[in-house]
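The values are calculated or read from the model by the stated rules, or taken from the named source; none is laboratory data. Quantities reported herein were computed from a predicted structural model and do not represent experimental measurements. Cβ placement follows ideal geometry from the backbone for every residue including glycine, while neighbour counts extend to all protein chains displayed. SASA here: full protein model, heavy atoms, side chains in, ligands and nucleic acids out. Shrake-Rupley method; radii C 1.70, N 1.55, O 1.52, S 1.80 Å.
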Amino acid sequence: QAENHFVRGLVHMRIVIVPGNGCDNILDANWYAWLDKRLRDCGRFDEVVCETMPDPHKARRSVWLPFMLSTLGCSRPDTIVVGHSSGAVAAMRLLEEHRLAGCVLVSACHTDLGDAGEAASGYYPPSGGEWKWSQIRKHAAGNIVILHSDNDPFIPLPEAQHVAESLGVPLRVQPGRSHFFSAGEDLVEACLAAADAAVSAEASGST
């Protein structure tokens, strides 16, 4: 019975790619289209979603979170969200209120780093409210994979270290990946790790 449930979990899992800000067309930016194809080709997911976000440059919370819920299907608990940069921050705020099967956070931060545009986006304390770390972890069932580079020019490593420590999960520090502008197997591995954990949790819950 557990084995059959495991197989069903593989078939009915969705994954959604949420980009960083500044992407007028998600399929022409960074690694998003590459990862979309890799995840479709691997056969692990029933649906892979990779759509251009509204308000792509300001990436405001008031615009992105409703779009993620209504259009990208992030209200469904069988969904894993892969968020990059602003997309990672949006995924964390979404998890404060909504359950997901898991998430992959790439180049995440927890402060606006003194940038006025980031402060105005609505995600960060104090204007965005304090982070609800325990709720984020609970609503992802602890299935959170965090990737960060050791030489990110925009988001210092201590930002991601704080996120990982606050969520009680390991931090995968990748050498020389900058702000993760380019494709890499580490991204695929992180997504599959989150999928494996989600399926294992589902199978355990059925026994």
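Numbers at a glance
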item: Using alpha carbons only: equivalent-ellipsoid semi-axes of the range 78-207, gyration tensor based, whole Å; result: 24, 19, 11
item: Carbon and sulfur %, accessible surface of the chain computed with the full protein complex present, 1.4 Å; result: 52
item: Degrees between helix 86-95 axis and first principal axis of the chain (Cα, 0 to 90, nearest 10); result: 60
item: Equivalent ellipsoid dimensions for the range 1-156 as semi-axes, Å, which come from the Cα gyration tensor, largest first; result: 26, 18, 14
item: Volume of the Cα convex hull of the range 69-146, divided per residue and given in Å³; result: 84
item: Surface/4 of the Cα convex hull for the range 134-207, nm²; result: 5.3
item: Label point 7 Å beyond Cα of S62 along Cβ direction - residues of the range 87-129 with amide nitrogen under 13 Å; result: 120-123, 128
item: Heavy-atom surface of the range 56-159, accessible at 1.4 Å and reported per residue (Å²); result: 39
